[in-house]
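Okay, so here's the structure we're looking at.
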Amino acid sequence: MRAKIIGTGSCLPDKIVTNDALSALVDTSDEWIQSRTGICGRHLVSAEHETTLSMAVKAGQAALTDAGILPQQLDLILVATVSSDFMTPSTACMVQKELGASHAAAFDINAACSGFLFALNTVDAYFQAGIYQTALIIGVETLSKLIDWSDRSTCVLFGDGAGAAVAKASEEGMIASLQGSDGSGGDILVCRNRSNNNPYIHTGTELDYLFMDGQEVFKFAVKKEPECIQALLQQAGMQPADVDYYLLHQANYRIIASIARKLKLPLEKFPSNVSHCGNTSAASIPILLDEVNKKGMLPKDSLILLSGFGAGLTWGAALLKW
Ligand code: ACO
């Protein structure tokens, strides 16, 4: 049995921050941000009740409603995130409690922007092994708490939000998937956790913000993602044109356009929401999937290819029949 997505949901914070609003914080401009990234605005949490958990729960609830599945029917909850509210318990366990999904095993996955794909592939492996039958997969980030808001090279790029999908073990759904990692490239996109300050070691208590070597990440993305997609299509015995829609990680519209060019495909096959969401890391693919689904763009038997890259370094892709 393979993973078939039977419902989607998403949650974006109410507050929309435009590029012009950011120009009042740092030395940047709407023209610079739009021309380099395609981003016009992003949603950011702006109230205490908006947290990683609250967005995850709202997206998860919406996906369950869309799928017609009760929380008690879930036997697995996976949450992909790098920005949990707590070190422990995991966001997945907190979502399980909030939803009342008392029969579900729950844990988090950290694969940065590839996290939703790693979670989907993990669910598919559990289904293939016959261990679980019904899973909720959530990608959620409050990246705004990891960002240095005085660093114009990163603060203009990211947004907050959550996306979710319910997957059921089925005869058809996932056609092929792959994922990979290269820890040796990890230092181009880094956010350190708190330092150790136990009685035997004094390393300071300063918390770090996200650091990114943008040009190196760009080079990695435009090389690795098309390779990953080609390898996946080869695995499935398909040509790029056979896929109805490519739902790629929404980091930068120039990266998406470069991948479309490399695959010799029209941009219409690459729906995008980076202009109004920015880069929401693990949440970006499921938020986009929910938008596309709710717009009615996915009739039964559509072929969609999800693919992303991120910190780690990590990359992943999945080809699904809708
Ligand atoms: N506004 C105005 N100027 C800026 C800004 C800004 N917000 N940010 C940087 N600049 C300046 C730089 O200081 C530099 O000035 P200098 O030439 O005087 O030194 C100039 O603009 C050019 O900077 P570059 O970094 O060369 O700009 P580039 O064209 O490479 O675009 C960008 C930067 C958009 C970050 C690009 O490299 C990129 O998209 N990289 C990939 C980022 C990405 O995908 N991240 C996500 C990865 S995975 C994950 O999602 C976590």
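The values are calculated or read from the model by the stated rules, or taken from the named source; none is laboratory data. No experiment lies behind these values; they were computed from the predicted model shown. Virtual Cβ from ideal backbone geometry, glycine too; neighbours counted across all protein chains shown. These area figures cover heavy atoms from the full protein model, side chains too; ligands, DNA and RNA do not enter into them. Shrake-Rupley method; radii C 1.70, N 1.55, O 1.52, S 1.80 Å.
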Yes/no for L117 being assigned to a helix (DSSP H, G or I) and not aromatic (F, W, Y): yes
Within segment 208-223, is there a residue that is surrounded by fewer than 17 Cβ atoms within 10 Å (Cβ to Cβ) and polar (S, T, N, Q)? yes
Residue satisfying all of: in segment 137-156; open to solvent by 20 Å² or more (accessible area, probe 1.4 Å) and out of contact with any Leu (no Cβ under 9 Å at 6 or more places or on another chain); nearest to the ligand (Cβ to nearest atom) among these: S153
Tell me, which strands (runs of 3 or more DSSP E) wholly within segment 1-110 include 3 or more residues that are open to solvent by less than 40 Å² (accessible area, probe 1.4 Å)? 2-11, 41-43, 76-80, 105-109
So the check is Cβ under 7 Å with 6+ separation or different chains; which pairs have a first residue in segment 220-234 that's touching a residue at least 60 places away in the same chain (Cβ under 8 Å) and closer than 10 Å to W315 by Cβ and a second one that's surrounded by fewer than 20 Cβ atoms within 10 Å (Cβ to Cβ) and not hydrophobic (A, V, I, L, M, F, W, C)? F220/G185
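Only one of K58, K97 is without any contact (Cβ under 8 Å) to a residue 12 or more places away in the chain and either in contact with a strand residue (DSSP E or B) (Cβ under 8 Å, 6 or more places away or on another chain) or among the basic types (K, R) (or both). Can you tell me which?
Details: K58 fails: without any contact (Cβ under 8 Å) to a residue 12 or more places away in the chain.
Unique residue meeting the criteria: K97.
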Take the residues in segment 227-254 that are open to solvent by less than 10 Å² (accessible area, probe 1.4 Å) and outside any loop (DSSP other than H, G, I, E, B), then tell me which one is farthest from F116 (Cα to Cα). L233
Segment 111-136, residues that are touching a helix residue (DSSP H, G or I) at 6+ places or on another chain (Cβ under 7 Å), more than 16 Å from the ligand (Cβ to nearest atom) and open to solvent by less than 20 Å² (accessible area, probe 1.4 Å): T134, A135, L136
